[in-house]
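The next block holds one structure in the form of structure tokens; read it before the comments.
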Amino acid sequence: MPFIELETNLPASRMPAGLEKRLCAATAAILDKPEDRVSVTLRPGMTLLMNGSTEPCVHLLISSIGVVGTAEQNRSHSSRFFEFLTKELVLDQDRIIIRFIPLEPWQIGKKGTVMTFL
């Protein structure tokens, strides 16, 4: 159950229509998870500073069970997410940063319990 949180200082008016759906589909493909299990949050219009600059930038947080826990996994994921984001948002790679957070099943609540018991 991947959670994708995209924070950007780009205004909502510069966010491509349908980005959340395309990011969901890309995430499912990149992480090899079912699309209906991916949760996407977009936060445009944030106040962000990256590399000493307030020029347009993106912070992408990817948290999931079992697929973001090693450098090898994340190197591959990173390459594919960067490809997606630079194309969709027309940003240079140095204006994007990705944080990978591995989760355990007991850290996600669903249907009145936690994923451990589902």
On the principal axes of its Cα set, how long, how wide and how thick is the chain? Give whole Å, largest value first.
44, 30, 24
Please list, in order along the stretch 87-94, the HN-Hα scalar couplings obtained from phi with the Karplus expression 6.51 cos²θ - 1.76 cosθ + 1.60 (θ = phi - 60°), rounded to whole Hz, x for Gly and Pro.
6, 5, 9, 6, 10, 6, 4, 6
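At 25 °C and 0.890 mPa s, grab the translational diffusion coefficient of the stretch 6-47 from Stokes-Einstein with a Kirkwood Rh over Cα pairs, rounded to a whole number in µm² per second. The partial results should precede the final answer.
On the way: Rh = 10.9 Å.
Rounded to a whole number, D works out at 224 µm²/s.
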Accessible-area composition of the stretch 1-49, carbon plus sulfur, in percent [1.4 Å probe]:
51
Span from the the stretch 96-117 Cα centroid across to the the stretch 10-89 one, whole angstrom
17
Accessible area of the chain divided out per residue, in Å², using a probe of 1.4 angstrom:
57
Would you calculate a helix-derived [θ] at 222 nm for the chain, using -39,500 (n - 2.57) for each DSSP H run of n ≥ 4 and dividing by the full residue count, to the nearest 500?
-9000 deg cm²/dmol
Amide H within-cut-off set for I96, under 5 Å, with H built and near neighbours excluded:
V58
With +1 assigned to the C-beta of every Lys and Arg and -1 to the C-beta of every Asp and Glu, and no other charges, what is the dipole magnitude of the chain about the Cα centre in debye, to the nearest 20?
240
Among S53, T41, P102, whose Cα projects farthest towards the positive end of the dipole of the chain, with charges put on the beta-carbon of Lys, Arg (+1) and Asp, Glu (-1)?
T41
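The values are calculated or read from the model by the stated rules, or taken from the named source; none is laboratory data. The model shown is predicted, which means the values in this text are computed figures rather than measured ones. Methodologically, a virtual Cβ is constructed for each residue, glycine included, from the backbone with ideal geometry; neighbour enumeration extends over all protein chains shown. Protein only, heavy atoms only, side chains kept; ligands, DNA and RNA dropped before computing areas. Shrake-Rupley method; radii C 1.70, N 1.55, O 1.52, S 1.80 Å.
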